[in-house]
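Colleague: Pasting a structure here, questions to come.
Each reported figure results from applying straightforward, stated rules to the coordinates on display, with no laboratory input. These numbers come from a predicted model, not from an experiment. A quick note on method: Cβ atoms are made from the backbone with ideal geometry, for glycine too, and the neighbour counts reach across all protein chains shown.
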Amino acid sequence: MKTSRRTFLKAAGAVSAAACVGAETLFARTLHMPIGLQLYSVRELLAKDFDGTLVKLKEAGIQDTEAAGYYDRSAAEFKKSLSNAGLTITSTHHPLGALLGHEEELIEYAHNLGLEYIVCPGLRHRDPNVRGELKLDDYRWACGELNRIGEMVKKAGMTFGYHNHRAEFEKEDGVVYYDEMLKLCDPKLVVFEMDCGWVYAAGVDPVTYLKKSPQRFPLLHMKDMVVEPDGVVHSPVMGKGKLNIPSILRAATGLKHYYIEQEEFIHIEPIEAVHEDAEYMKHVQY
């Protein structure tokens with residue numbers, strides 16, 4: 001039976017595609033990193049029972065943590081509670097408004113806690129009396145402050161970073177705020193902790209940025225997201241949202257630490273959700 005060239009090429013292409021899928025499955029790998037959690041996820045539980053909640057997090061599969069507040073504890077007390085629960089801590093969050101004027105004391109606290117990173121999860125207006133959305137001039141001014149603080153953090157033996165939300169992907173005069181931040185923040189002084197969920201919620205594929213400059217993103221917030229037609233976002237358990245987590249992990253070749261963050265718990269108890277999150281990250285293949 002004669003086979004046309006077109007039919008032959010089509011068949012060959014199908015075989016090739018199948019081979020690629022098979023190869024991708026064959027060489028898929030799991031993420032051999034400590035399973036981290038941004039403690040903001042369980043802030044209400046920590047406020048009620050700090051030590052007991054940390055133990056439950058360990059039992060749920062969490063190994064590493066990132067702080068978001070210290071619950072009136074000294075660095076020694078905070079570290080001891082984590083150690084007693086069998087947890088480590090590698091990073092913390094302080095918004096720019098909290099850092100300004102308190103840089104030295106917060107850096108000293110982080111150093112005493114034994115952290116690797118201090119991360120800024122939010123900016124403020126250049127003029128503190130102004131309200132509303134940040135403008136391009138605010139972002140440009142803030143980048144200068146981030147570089148300045150980053151230099152202080154570096155001298156203390158740690159690394160400073162910035163964590164995004166959704167607003168950074170807005171534009172002004174054709175300039176995407178996040179692109180301007182990547183341009184103005186000195187890579188030697190400021191790294192970026194990509195919150196994958198908020199990037200997706202902004203209508204952007206996290207992979208686009210990760211592929212462009214993976215070395216700028218040693219930290220990730222692993223957060224699944226669902227965006228409703230009316231623009232409302234939900235943060236479900238990992239693997240039950242719309243993000244393509246395996247493709248994100250493949251692109252994050254500069255990754256050193258990641259932290260699960262779940263911002264709401266729908267029809268599920270927080271510790272149970274954290275357990276499911278940890279199980280997903282333990283077994284996800286990419």
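Colleague: For the chain, what does -39500 (n - 2.57) per DSSP helix run (n ≥ 4), summed and divided by total residues, give at 222 nm, in deg cm²/dmol to the nearest 500?
Modeller: -13000 deg cm²/dmol
Colleague: Longest span of the chain, sites excluded, free of GluC sites (Glu not before Pro) in DSSP loop with at most 12 other C-beta atoms within 10 Å?
Modeller: 1-132
Colleague: ASN112 to ALA47: FRET efficiency via 1/(1 + (r/R0)^6), r the Cβ-Cβ distance, R0 22 Å, to the nearest 0.05?
Modeller: It comes to 0.50.
Colleague: Considering the convex hull of the alpha carbon atoms of the chain, report its projected area averaged over all viewing directions, in nm², one decimal.
Modeller: Average projection, Cα convex hull of the chain: 19.6 nm².
Colleague: Further question on the same structure: If all Cα-Cα distances of the stretch 148-196 are sorted into 5 Å bins from 0 onward, what percent lands in each bin, rounded to whole numbers?
Modeller: Spelled out per bin, shortest first, that is 5, 21, 26, 21, 16, 8, 4, 1.
Colleague: Please compute the volume of the convex hull spanned by the alpha-carbon atoms of the stretch 36-118 and report it per residue in Å³.
Modeller: Spelled out: Cα convex hull of the stretch 36-118, divided by residues, is 85 Å³.
Colleague: A follow-up question, please. Please figure out what share of the DSSP beta bridges in the stretch 33-283 is antiparallel and state it in percent, rounded to the nearest 5.
Modeller: The answer is about 15 percent antiparallel.
Colleague: Given Cα pairs under 8 Å that are at least 6 residues apart, what percent is the relative contact order of the chain?
Modeller: Computed over the chain, the figure is 19 percent.
Colleague: Please provide three numbers in whole Å: the alpha-carbon extents of the stretch 147-286 along the principal axes, with the largest listed first.
Modeller: Result for the stretch 147-286: principal-axis Cα extents of 44, 38, 25 Å.
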